[in-house]
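First the structure, in the form of structure tokens, and then the observations on it.
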Amino acid sequence: MSILVTDIGELVTNDPAADDLLGVRTDAALVIEDGLVAWIGDAAAAPAADERVDARGRAVLPGFVDSHSHLVFAGDRAAEFDARMAGQPYAAGGIRTTVAATRAATDEVLRANVVRLVTEMHRQGSTTVEIKSGYGLTVADEARALRIARESTPETTFLGAHVVPAEYAEDPAGYVALVTGPMLAAAAPHARWIDVFCERGAFDDDQARAVLAAGAAAGLRGRLHANQLGEGPGVQLAAELGLTAVDHCTYLSDLDVAALRESGTVATLLPGVEFSTRQPYPSGRRLLDAGVTVALASDCNPGSSYTSSLPFCIALAVREMGMTTAEAVHAATAGGAAALGRTDVGRLTVGARGDLVLLDAPSHRHLAYRPGVPLVAEVASEGAFRTARTLAE
Ligand SMILES: [Zn+2]
């Protein structure tokens, strides 16, 4: 089955061979065949196809790649958010509130919440989504979280080392042994990645190394939460180990930035967190100027960033993080793909997946220029189109 998307006013391809960052083409058309991009060119020269979608001069972009989220949870923490906005500081320990609610929830409740949030993301243009565990923190609950996440995405991440649960408060070493032993064994069949919250109040450098090493031995690729609440060893560790991505990167020394440039590790910035915790925003400008690859992701979770919207993150990155609109859009598409080690998504080039967003706007610029406006008109996953209206149903 082939679909011709024609009369595209502005097509963002993210073609790495293009002269401009976004590989923008005007008056373009593309053909998706059997779920993959089969042809791109001028609308006037478009070949015939089984079906036709007329973009009527609007913008088409690669689907957003949200490389960082925590969707397997129960309950919410709206009261904690409210207290923070009233002046209380953010600390990592609030995670334990969600752990208690998640452990008490049935599979059906957790599954329904994941499906609800993935649908929300999709409606806002995210066609590839990573989902972490990390609110179970027992062998059975972590395996359950990953099993449920796997039903919605192949990009699942084992985050048993999210926080030391209350029952191990006096024995963090015992908890690390559990994570690297039986919990990893139960989680690994359902996970592609392993992650550690390497931060004061969570896990230190040595503990993070131990968890990542055990994960690598079990065939999982590593990523890290690091440098969110202050400078720390996490970013250097990610660079030293050549991890695919290190996420947050809010507080970076010059050495951290240099290490990221050297290693090629993607810096994933999560501005929804800074918005929701009133922390200072990281500088995307500083990383980009140093030649570091930057991704933008939602970090959707009930504690520190309960947004599922990459358009919102793009607007924040442009307004608060010194990024141009083109850089922010690139970071939310090709950057997210790089953070997941993927080249089949985050771009619209021949052979890539037919994952795209059709905006109710003539240009990608409107994503930051018109913040908070639902501009995503249609989303296609592997060429299957759904309008924002049917996505909501
Ligand atoms: Zn996170």
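Among residues of segment 301-310 being within 9 Å of the ligand (Cβ to nearest atom) and modelled with pLDDT of 95 or more, the one that is surrounded by the most Cβ atoms within 10 Å (Cβ to Cβ) is 301. Of the strands (runs of 3 or more DSSP E) lying entirely inside segment 35-140, those containing at least 2 residues that are over 23 Å from the mean Cα position of the chain (by Cα) span 36-42, 51-54. Look at segment 1-16: where a residue is closer than 15 Å to residue 349 by Cα and a partner is basic (Lys, Arg) and outside any strand (DSSP E or B), sitting 6+ places away or on another chain with Cβ atoms under 6 Å, you get 14/347. Within this structure, residue 243 passes the test of being without any contact (Cβ under 8 Å) to a residue 60 or more places away in the chain, part of a loop (DSSP other than H, G, I, E, B) and within 16 Å of the ligand (Cβ to nearest atom). Listed conditions (1) touching a residue at least 60 places away in the same chain (Cβ under 8 Å); (2) of a type in the set (A, V, I, L, M, F, W, C); (3) closer than 22 Å to residue 295 by Cβ; (4) crowded, with 21+ Cβ neighbours inside 10 Å are all met by residue 229, apart from (4). With respect to the stated conditions, residue 148 fails to be modelled with pLDDT of 95 or more and within 16 Å of the ligand (Cβ to nearest atom).
Contact map, segment 360-374: residues that are free of Cβ contacts under 8 Å to residues at least 12 places away in the same chain paired with residues that are in a loop (DSSP other than H, G, I, E, B), Cβ distance under 9 Å, separation 6+ or inter-chain. Pairs shown: 370/361; 373/360; 373/361. All conditions but one from (1) more than 16 Å from the ligand (Cβ to nearest atom); (2) of a type in the set (Gly, Ala, Ser); (3) assigned to a loop (DSSP other than H, G, I, E, B) apply to residue 315; the one that does not is (3).
The values are calculated or read from the model by the stated rules, or taken from the named source; none is laboratory data. All figures in this text were calculated on a predicted structure; none of them were measured in a lab. Cβ: placed from backbone, ideal geometry, glycine included. Neighbour counts: every protein chain shown.
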